[in-house]
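Below: the structure, in structure tokens.
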Amino acid sequence: MLDTELKVGDKAPIFTLKTQDNKDINLSDYIGKEPIILFFYPGDMTPGCTIQLCNIRDDWSKFKQARATVFGINHADADSHKRFSSKYNFPFPLLIDTDKKVSKKYGAVKKLFSATVIKRTVVAIGKDGIIKFYRHGMPKDIEILKSINK
């Protein structure tokens, strides 16, 4: 099977990925400090992904109020992420998962004919490293934030 389906209550898989600015992000550096929200999305500059990530940007004050650290994740390279982030002024980093290893760990991939593509997936991880919210698609930001404010 391609993806391991995670669920609320599972321990979040640890990973290290680079940002569009070549900075290493290690999930374990955030565990115990603040909630983390991961937005796995299929493509930079695509209509659905642009809407989803712009909604996060527009609700940024709510994410900051919840003291949440937010990361967008897909397989695009640094240049693509830089263009996308710069064009839409995202206040959060985009992480590079070129081989989709992290996306696979989080069950955020699917088969499309012979290709493996990223499946739009949102994961909220509590300060304790436990998954508090896990949903495919485009859940409303308020639902995601409610899960980490319990």
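All of the numbers you see were taken from the coordinates with simple rules; none came from a lab. None of the values given here were measured: they were computed from a predicted structure. Cβ sites come from the backbone with ideal geometry, for glycine too, and all protein chains shown count toward neighbours.
Give, in nm to one decimal, the length gained when the segment between I130 and K146 is fully stretched (0.36 nm per residue of separation minus the Cα-Cα distance).
On the way: separation 16, 0.36 × 16 = 5.76 nm, distance 1.52 nm.
My answer for the length gained is 4.2 nm.
Pop out the ³J(HN,Hα) list for the range 116-133 in order, Karplus 6.51 cos²θ - 1.76 cosθ + 1.60 with θ = phi - 60°, rounded to Hz; leave Gly and Pro as x.
Coupling constants for the range 116-133: 9, 10, 6, 9, 3, 9, 10, 10, 10, 10, x, 3, 7, x, 9, 5, 9, 8 Hz.
Could you let me know the centre-to-centre spacing of the range 7-60 and the range 67-103, using Cα atoms, in angstrom?
7 Å
In nm, to one decimal, how far is the modelled label at D24 from the one at F113, with both set 7 Å along Cα→Cβ?
It is 3.8 nm.
Which of the listed residues, V70, A12, C49, is farthest toward the dipole's positive end in the chain, when Lys, Arg count +1 and Asp, Glu count -1 at the beta-carbon?
Of the options given, the answer is A12.
At a threshold of 8 angstrom on Cα-Cα distance, excluding pairs fewer than six apart, so keeping six or more, what relative contact order does the chain reach in percent?
Rounded, it is 34 percent for the chain.
Expressed as cubic angstrom per residue, what is the convex hull volume of the alpha carbon set of the chain?
Convex hull of Cα atoms, per residue: 100 Å³.
Please sort 14-24, 62-72 by packing, taking for each peptide the average over its residues of neighbouring beta carbons within 10 angstrom, highest first.
62-72, 14-24
Based solely on its DSSP helices, what 222 nm [θ] is calculated for the chain when runs of n ≥ 4 H residues each add -39,500 (n - 2.57) and the sum is averaged over all residues, nearest 500 deg cm²/dmol? Numbers along the way, then the final one.
On the way: 5 runs with 42 residues, N = 150.
Helices in the chain give a 222 nm mean residue ellipticity of -7500 deg cm²/dmol.
Quick check on packing: order 94-101, 120-127 by the mean number of other C-beta atoms within 10 Å, highest mean leading.
Listed from highest to lowest mean packing, they are 120-127, 94-101.
Calculate, in nm to one decimal, what D10 and D58 gain on full extension: separation in residues at 0.36 nm each, minus their alpha carbon distance.
On the way: separation 48, 0.36 × 48 = 17.28 nm, distance 2.95 nm.
Length gained between D10 and D58: 14.3 nm.
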